[in-house]
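Inspection log for the structure reproduced underneath, given as C-alpha cells.
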Amino acid sequence: METANPTPQPIGALLLQRGLINAKDIDKALAFQQQFKGRFGAILVRIGAISEDALLPVLAEQLHLHLVDSKELPAHAQAILETMQLSGLSPAWFQDQGVVVWEGAEGLIRCASRNPIDSNLQETLSAAYPSHTLSWELARTQDIASLIKLIQTESQGEPHDEIAHLRELAEEAPVVELVNNLLSQATDEGSSDIHLEPEERQFLVRYRIDGVLHLRMTLPRERFDAVASRIKLISGMDIAERRLPQDGRISTRASGIEMDIRVSCVPGVNGESIVMRLLPKERTDLSLDAMGMEPDHLKQFIRWVNEPHGVLLVTGPTGSGKSTTLYAGLEKANDRSRKIITVEDPVEYKMTGVTQIQTQSDIGYTFARALRAILRQDPDIIMIGEIRDLETAEIAVQSALTGHMVLSTLHTNDSLSAFTRLLDMGVEPFLIASAVRAVQAQRLVRKLCDKCATGVTPAPSLSAAAERIRARTPVLFDGQARWRIAHGCGACRGSGYRGRLGIFEFLEVTVEIQDAIMRQETAAEMLKIAQAQGYRSLREDGLIKAWRGLTSTDEVLRVTGLSESADVLL
C-alpha cells in the first residue's frame, strides 16, 4: 500500500509560499479549526480563502498522492458497488466515510477519498481487502459526491425529495464545499458570471470569462436541486418557490476576495436556471487610463465629466462596461470639492466620498422618486444607474437644465441612437438638444494573449481602412503596424485571449447636432454631421486597437457586428 510522507510540510505553509493565501487566511482557518474541528485545507475552501481546484494540486504534492482526474473515475455505479461488495462493508459505510473504491488494472483496488491519509480509513480497508494492493488517491469533493449519489440511486432508489429534505441537503458539507468552490474557481479565472443550467439528465456550470461563456463542469441532474437550494438559501430567496423568478444577493469571500454576488433564478422546462454575477467589493481597475481609451477620447471624456451642467450618456448593451466607465469618471471627478450622489439598482461598487443610494422598487422607491429627493441634497454631480422610463428621463433633463451634471446609461446600439431612444420615451426634442452634452457608446473586446498571439498580414481592405483612419488621426498611429491573430496556449486556457479593453464612440452635441435633433433628422443625416466633426465609430476605434496588436480583427467584427458601413473592415 502507498503511504504518504510521514513529515510533510504543513499545507498552510506550502500555500503561503506559493502566494495562494495570506497570513490572515491561516489565522482565520486556525481559529475556525479550533472551534469546529475539520481538515485545514477543507476549512480554507469553506471560508472562501482558496478554491478546491487551486488547493488539491498542492495537497497532492504535499502528500505524495495521485490527484484523480474526473475522466479516470468510473462512469457507472455498478463497478463501484461490485468492489464494495468484495469488502464485506455496507455501501452506507463508504458513503459515511466519503470514499469510493473500484478495481483497477491487475487487481489493484483504487481508493479515492477527500481525506485518503485517514489512518482509520486505511486500516479498515486494508483489512477488508487482504489479498489486494490498495492505491490511495486524492479526489475532488464534487467528484466523490457525484459517485456517492450514483451509488445511493443504484442501491436505494431516489429518496423522497421535499422542501425539508432540500434544506437538509443544502447544509451538507459536500454541497457547501461545491458552491464555495464554484465561486472561488470563478474568481480565480476572472469570471464575471456563473451560469447553472439544468438539462434532462445533467446540469452545466459555465463561466463567462472576458465576455464569452466557457463550460467548466457537467454534473448529474440529481445534484442540481441541492446546489440550487444552497444558492437560494444563502442569497435570501424562498427555497419552496420554484414557479416564479427570484432575485437575491450574497456577500461573501471567494478565493481571498470580498464579493457581492447578484443572483437571478428563472424557472425553465428542466428546472431553475441560475445566474450569479460576481462583483468584487474593491476594484483596482476603476481608472480611465486602464480602460483602453485613446488619448483624444480620454481628454474629451475628462472634460465632459468636469462640465458644470448637462447630461452625459454612456450607451451600449448589457455587459459592455457602461457602469465601470461611469464609476471611473466619478473617480476622476471626485476631488472632494463637489457633492456627488448616485442612484443605482443595485449599488455595484462602494466609493468613498460619494453618497450612493439603492433604489427599492418593491416599496415604491424608484429612480424617479429617489431623484426628486436628492435634488434637495444640493448635489453637483448626479449619477443615475440607468434611464429606463420617461419620468426618470425628464427629471434627468430638468436636473441638467437647473445646473447639475448628470451621468447616466442608456441601452442603445450606438451613440446616435440615444437621441431616438429619448424621443421614443417621449422627451421633447428641444429638451434633449438643450440638456444633452455628449453621448458615448462602447463595447468590450478581448485582448490577445501576449504569450501566444502570432503576427498576420491583413487583407488589403483592412490596410486600406486603417490608412483612411490614419489620415484623419495620424497621432493615434505610432510606429509600425502589429496585426495579430489569436492562437491559444496554457496561459489563456486555449482561447487566445486574456483580459478585455474598451472600444469607444464619442459624440459631442455641437450646435449642428442640436439643430439636427430639433429637426428630428434621421440617424444617417446626423452621422454625416458627426463625421464632418471627426467622429470615429466603434469599429474604427476597434481597428486602431487591432492595428496595434492589442486585439484581432475577428474580435472587433464579433463585437461590433456587420451593421456598420461596408467600407470599414469589409
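The values are calculated or read from the model by the stated rules, or taken from the named source; none is laboratory data. In this text the structure is predicted, and so the values were computed from the model without any measurement. Glycine gets a Cβ as well: all are built from the backbone with ideal geometry, and neighbour counts include every protein chain shown. The accessibility values were calculated without ligands, DNA or RNA, using every heavy atom of the protein model including side chains. Shrake-Rupley method; radii C 1.70, N 1.55, O 1.52, S 1.80 Å.
Worth a mention:
- Single residue of region 429-456 satisfying the filter (open to solvent by 20 Å² or more (accessible area, probe 1.4 Å) and in a strand (DSSP E or B)) that is farthest from residue 544 (Cα to Cα): 437
- Contacts under 7 angstrom Cβ, first residue in region 457-468 being in a helix (DSSP H, G or I), partner modelled with pLDDT of 85 or more and not acidic (Asp, Glu), 6 or more apart: 462/553; 465/543; 466/543; 466/547
- Within region 539-553, residues that are within 13 Å of residue 485 (Cβ to Cβ) sit with their Cβ atoms under 7 Å from residues that are in a helix (DSSP H, G or I) and open to solvent by 10 Å² or more (accessible area, probe 1.4 Å), at 6+ positions apart or across chains, in these pairs: 546/553; 553/462.
- As for region 354-369, it holds no residue that is in contact (Cβ under 8 Å) with a residue 12 or more places away in the chain, surrounded by fewer than 16 Cβ atoms within 10 Å (Cβ to Cβ), in contact with a strand residue (DSSP E or B) (Cβ under 9 Å, 6 or more places away or on another chain) and on the phi > 0 side of the Ramachandran plot.
- Subset of region 529-538 (residues that are surrounded by fewer than 22 Cβ atoms within 10 Å (Cβ to Cβ) and part of a loop (DSSP other than H, G, I, E, B)): 533, 534, 535
- The condition (being modelled with pLDDT under 90 and in contact with a strand residue (DSSP E or B) (Cβ under 8 Å, 6 or more places away or on another chain)) is satisfied by just one residue among 73, 125, 89: 73.
- Hits in region 481-528 - residues which are open to solvent by 50 Å² or more (accessible area, probe 1.4 Å), touching a residue at least 24 places away in the same chain (Cβ under 8 Å) and closer than 30 Å to residue 189 by Cβ: 482, 485, 487, 493, 498, 500
- Scanning region 247-265 for residues that are in contact with a helix residue (DSSP H, G or I) (Cβ under 8 Å, 6 or more places away or on another chain), assigned to a strand (DSSP E or B) and open to solvent by 20 Å² or more (accessible area, probe 1.4 Å) turns up 252, 257.
- Within region 266-274, at least one residue is touching a Ser or Thr at 6+ places or on another chain (Cβ under 6 Å), under 26 Å from residue 202 (Cβ atoms) and part of a strand (DSSP E or B).
- Checking each residue in region 103-127 for being β-branched (Val, Ile, Thr) and part of a helix (DSSP H, G or I) picks out only 124.
- Scanning region 548-562 for residues that are open to solvent by 10 Å² or more (accessible area, probe 1.4 Å) and in a helix (DSSP H, G or I) gives 553, 554, 557, 558, 559, 560.
- In region 400-416, the qualifying residues are those that are closer than 13 Å to residue 442 by Cα and open to solvent by less than 40 Å² (accessible area, probe 1.4 Å), and the one that is farthest from the chain's Cα centre (by Cα) is 416.
- Taken over region 1-33, residues that are modelled with pLDDT under 85 and either within 26 Å of the chain's Cα centre (by Cα) or open to solvent by 60 Å² or more (accessible area, probe 1.4 Å) (or both) amount to 6.
- Residue check, residue 331 exposed (fewer than 14 other Cβ atoms within 10 Å of the Cβ), under 27 Å from residue 190 (Cβ atoms), in contact with a Ser or Thr (Cβ under 9 Å, 6 or more places away or on another chain) and free of Cβ contacts under 8 Å to residues at least 60 places away in the same chain: no
- Summed over region 8-34, residues that are under 20 Å from residue 253 (Cα atoms) and of a type in the set (S, T, N, Q) total 2.
- Hits in region 128-144 (condition: hydrophobic (A, V, I, L, M, F, W, C), under 37 Å from the mean Cα position of the chain (by Cα) and either part of a strand (DSSP E or B) or more than 16 Å from residue 67 (Cα to Cα) (or both)): 136, 138
- Meets criteria (open to solvent by less than 10 Å² (accessible area, probe 1.4 Å), among the aliphatic types (A, V, I, L, M), in a helix (DSSP H, G or I) and modelled with pLDDT of 85 or more) for residue 166: no
- Set 314, 275: member being more than 26 Å from residue 546 (Cβ to Cβ) and touching a strand residue (DSSP E or B) at 6+ places or on another chain (Cβ under 9 Å): 275
- For region 126-143, a residue qualifies if it is in contact with a Ser or Thr (Cβ under 7 Å, 6 or more places away or on another chain), aliphatic (A, V, I, L, M) and under 30 Å from residue 179 (Cβ atoms), and exactly one does: 139.
- Region 181-190, subset touching an Asp or Glu at 6+ places or on another chain (Cβ under 9 Å) and open to solvent by less than 30 Å² (accessible area, probe 1.4 Å), residue nearest to residue 238 (Cα to Cα): 181
- Per the listing 45, 58, 68, 99, the residue uniquely touching a Pro at 6+ places or on another chain (Cβ under 9 Å) and under 24 Å from residue 179 (Cα atoms) is 99.
- When residues of region 311-322 are limited to those that are open to solvent by less than 40 Å² (accessible area, probe 1.4 Å) and polar (S, T, N, Q), the one nearest to residue 436 (Cα to Cα): 315
- Output for region 48-60, where each listed residue is more than 17 Å from residue 112 (Cβ to Cβ) and either buried (at least 19 other Cβ atoms within 10 Å of the Cβ) or more than 27 Å from the chain's Cα centre (by Cα) (or both): 48, 49, 50, 51, 54
- Checking residue 285 against (1) at pLDDT 85 or above; (2) not in a helix (DSSP H, G or I), the condition it does not meet: (1)
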